[in-house]
1. For residue 202, enumerate residues with amide H under 5 Å from its amide H, sequence gap 5+ or separate chain, H modeled in the peptide plane.
2. Which value, in Å² rounded to 10, gives the accessible area of residue 419 with a 1.4 Å probe and all protein chains present?
3. So if we plug the beta-carbon distance of residue 582 and residue 382 into 1/(1 + (r/R0)^6) with R0 = 56 Å, what FRET efficiency do we get, rounded to 0.05?
4. What is the sum of charges around residue 310, taking Lys and Arg as +1, Asp and Glu as -1, for the other residues whose C-beta is under 12 Å from the C-beta of residue 310?
5. So for segment 203-360, Kirkwood radius off the Cα pairs, Stokes-Einstein at 25 °C and 0.890 mPa s: how many µm² s⁻¹?
6. Stretch residue 309-residue 562 to full length: gain in nm at 0.36 nm per residue minus the Cα-Cα span?
7. Given 0.36 nm per residue, what is the gain on full extension from residue 287 to residue 513 after removing their alpha carbon distance, in nm?
8. Contour minus end-to-end for residue 394 and residue 624, with contour as 0.36 nm per residue of separation and end-to-end as the Cα-Cα distance?
Amino acid sequence: MPVHLTPNAIPAVMSGDVNSKPLVQIIDIKLIGNSQERYRFSLSDSVTTQHAMLATQLNDRVKSGSVKKGSVIQLIEYICSQVQNRKLIVILSMETIILDCDIIGNPKFLVESDSTAQKMQPNVNLQQSARVPNTRFGAQNSVANLQTSVANVQTFRPAVQPPYQPPPSYKSHGPILKNEAPARIIPIAALNPYQGRWAIKSRVTAKGDLRRYNNARGDGKVFSFDLLDSDGGEIRVTCFNAVVDRFYNAIEVGKVYLISKGNLKPAQKNFNHLKNEWEIFLEATSTVDLCPDEDGSIPRQQFSFRPISDIENADSNSILDVIGIVVSVNPSVPILRKNGMETQRRILNLKDWSGRSVELTLWGEFCNREGQKLQDMFDSGFCPVLAVKAGKVNDFSGKSIGTISSTQLFVNPDFPEAHSLRDWFDRGGKDTASLSISKDNVPGVPKNEVRKTISQIKDEGLGRSDKPDWVTLKATITFIKTDTFCYTACPLMIGDRQCNKKATRSGNRWQCDRCNQEFEECDYRYLLQAQIQDHTGLTWVTAFQESGEDILGCSAKDLYLLKYQEQDDTRFGDIIGQRIFNQFLFKLKIKEEICGDEQKVKITVVKADRVNYSAESKYLLDSILKPSRYSLIPNR
């Protein structure tokens, strides 16, 4: 059947038309970009052709074969943007009309200087057409097809388009509060850096804390918030320094805003868990207007819940949503961070119908807000439903979930998943046994530990795979190196973390090459090397700050001052000697590393606990009764 493209479509679009929704043909597809996949089309109206960029959210159309070279498509949403001093069509939405079609006409690339003249000329190639490959239409029907071609011109669109009217120009005529030409509201999914003016209407679903940082360019401050629109699109917005002062107090979680004039950049996936490859950075000219009369079409929140059993196989540091019944709540306890600041920690456990339970660690204000509310409910005999939005997966001694700055907690929320979980729990789920995928709270006996001996570490080649091996080992310390038991560290903060890189003397001050700054006092951190032994062999291990304190029972600074400032070798020797021939339950990380030109397996102490002999006796008794579950003695 004859296929007729919209006449003069390319010149009209290049001149600014965004409403005609023309029929065009894809005459070439090319994959471009190194860091991000992008597809460039060559579009044709049978006379003129021009390059067009496909919005990244439509990449699957090409990958799945929904569009290909020769396809006839209808442009639904599109714009023409200026990129590097040349115009480029950006396709935001399209429909495939005919998947396979021969190339129509003999199109030539549009000369932009002539686009205005070309768009007003009649299409002299109106009768040019191509046929869909089909044996039913042979050469004998060509005359009849030619006679009916005029009637078929309107199959998809009128043959003659009305002349394109350029948008009105808005000239300056004195001071004005806002641009008289409002930006067009588009879905979040349609945002891309090739657009000019845009606006999005969306709800704030999360707001991060105000953070301060220090780098080579000086001090600064930053905060971010997440947006959700009526189509389910999500994106993160970030503000720095002076922009923080404008918007931090104005942004409220749950409110709807109209946002425009932001700068789109690739999302930093190390810090941004949203399913969007772009991130908005607000600038001095950006606008954020509250929509007080929003109609409720934008949902309050969007979840993608994972069963607790799935978390067991989730990657460490991944961000996910989980919902479960709270089956235990521990008191909030103070914790001293690495930067010397004190915070709060509260641990609770969740279970669901997957037959698994998981440990959830609340940090900071979560302990006193939602944590205290959960504690009061649980103490009264009620097990509440808790939904966690954006929890972080940790893999220390099993898998667990922890809160981060963008985490949100919902206690007994009113949505279907919560109601179904509550019904399951009340109908007998509370009596259903569940296996914890996190460490057990019984001291000295982690629930999911992989118990090994020293000879098994060597014989099984642990640490030589792509990922490190985590094992638990009961062993005795037989020797501790005392010449280099710690190092001088940089105490400066980088964001919310301490630098901790090695600091060197610079006159009467200390200097950090990483921060490129000097300071009066340095920090002291353990770099402890010890030899440990069990009944199968011995090996060297390295213990850093926290695990070094677990072993020696004092801070690295106190021990350093005792040895080098007070020069009390007797007390120093007593502290070291008291730890020799003591038995510990070591949590070890085993990973092969390259030292110079040599590959060497490095064993790092993650945690060192004194052996709880009561719990250890129960473990050994269980291993005797059920030998198939454990492997304490290596094969001979």
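The values are calculated or read from the model by the stated rules, or taken from the named source; none is laboratory data. All values derive from a computational prediction rather than experimental measurement. Neighbour counts run over all protein chains shown; Cβ positions are idealised from the backbone, glycine included. Just so you know, the surface numbers come from the protein's heavy atoms only, side chains and all, with ligands and any DNA or RNA stripped out. Shrake-Rupley method; radii C 1.70, N 1.55, O 1.52, S 1.80 Å.
1. For residue 202, the qualifying residues are 257, 259.
2. Ignoring ligands and nucleic acids, residue 419 comes out at about 100 Å².
3. In this case the efficiency is close to 0.80.
4. Neighbourhood net charge equals -1.
5. The calculation lands on 133 µm²/s.
6. Length difference between fully extended and current span is 86.1 nm.
7. So the chain would gain 77.3 nm between residue 287 and residue 513.
8. Answer, rounded to one decimal: 79.6 nm.
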